[in-house]
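Following: one structure in structure tokens, then a few remarks.
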Amino acid sequence: MTAVIYGGERGGEIRHGLERDAAGRLTVKITPETRTEYRYDAADRLLEIRRRQHDAAEGGEPEVIRFSYDSAGNLLSEETAQGVLQHRYDVQGNRTETQMPDGRTLRYLYYGSGHLQQINLGRDVISEFTRDHLHREVQRSQGRLDTRRMYDRTGRLTRKLTCKGMRGVVPETFIDREYAYSETFIDREYLSVCA
């Protein structure tokens, strides 16, 4: 078992235990509250996640998520006690629809050879994507939040700016990240995080 330790608040720490199979796939994750088990098929696709609270009554039912796939390896369904998410794809393998347990449908619109342009819930736009001539994402809208991405001449991300109210006169910045690169590593500098 491998232990991953996170720094907790007020000087404490949070420890997660991880078990992997011979192929390196995560098979068990143990946290202070839960034990989660992962099961895969022969094609290395995740089939099932079983999560149980440590303090659950003996014999209590775990939370279970089951996954199914088509012959191309596309995720077709995600089943939980709350219902089933069902996904549909086009011939290029792009997800075109996700039907939720309550019957509502997310629709994904693409252009060209599979560049996501818009996500809709019913007739409402949930998210829109603007791309440059190289099809890199340069702007994403999600409700009142807008995220802009800037690149250098070699195509590397140099800045990612998330604001509320980009359509207004003065946007309110939530996160402004700048990225700098050297020969050996990527350095991310977080300039500001506003609430």
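The values are calculated or read from the model by the stated rules, or taken from the named source; none is laboratory data. Being a predicted model, the structure only gives us computed values, none of them experimental. Backbone-built Cβ (ideal geometry, glycine too); neighbour counts: all protein chains shown.
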So, first residue within 13 Å of His115 (Cα to Cα) in the stretch 126-146, second residue at pLDDT 90 or above and not in a strand (DSSP E or B), Cβ within less than 6 Å, six or more apart or across chains; the pairs are Val138/Asp132
Might you let me know whether the stretch 74-82 holds any residue that is assigned to a loop (DSSP other than H, G, I, E, B), among the polar types (S, T, N, Q) and farther than 25 Å from Thr2 by Cα? yes
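Is it true that some residue in the stretch 148-156 is aliphatic (A, V, I, L, M), at pLDDT 95 or above, part of a strand (DSSP E or B) and within 30 Å of Glu183 (Cβ to Cβ)?
As a first pass, look at the stretch 148-156 and keep what is aliphatic (A, V, I, L, M): 150.
Right, trim to at pLDDT 95 or above and you get 150.
Narrowing the set further to residues that are part of a strand (DSSP E or B) leaves 150.
The next check asks that each one be within 30 Å of Glu183 (Cβ to Cβ); those that pass are 150.
Yes, the conditions are met somewhere in the stretch 148-156.
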How many residues of the stretch 42-55 are surrounded by 12 or more Cβ atoms within 10 Å (Cβ to Cβ), more than 19 Å from the chain's Cα centre (by Cα) and either within 19 Å of Ala22 (Cβ to Cβ) or at pLDDT below 95 (or both)? The answer is 2
Considering residues that are charged (D, E, K, R) and surrounded by 15 or more Cβ atoms within 10 Å (Cβ to Cβ), the number found within the stretch 96-116 is 1
Arg88 passes all but one of the listed conditions (1) outside any strand (DSSP E or B); (2) closer than 30 Å to Val64 by Cα; (3) among the charged types (D, E, K, R); the exception is number (1)
By residue number, the members of the stretch 104-120 that are modelled with pLDDT of 95 or more and assigned to a loop (DSSP other than H, G, I, E, B) are Arg104
The lone condition Ile119 fails out of (1) more than 23 Å from Gln139 (Cα to Cα); (2) of a type in the set (Val, Ile, Thr); (3) crowded, with 16+ Cβ neighbours inside 10 Å is (1)
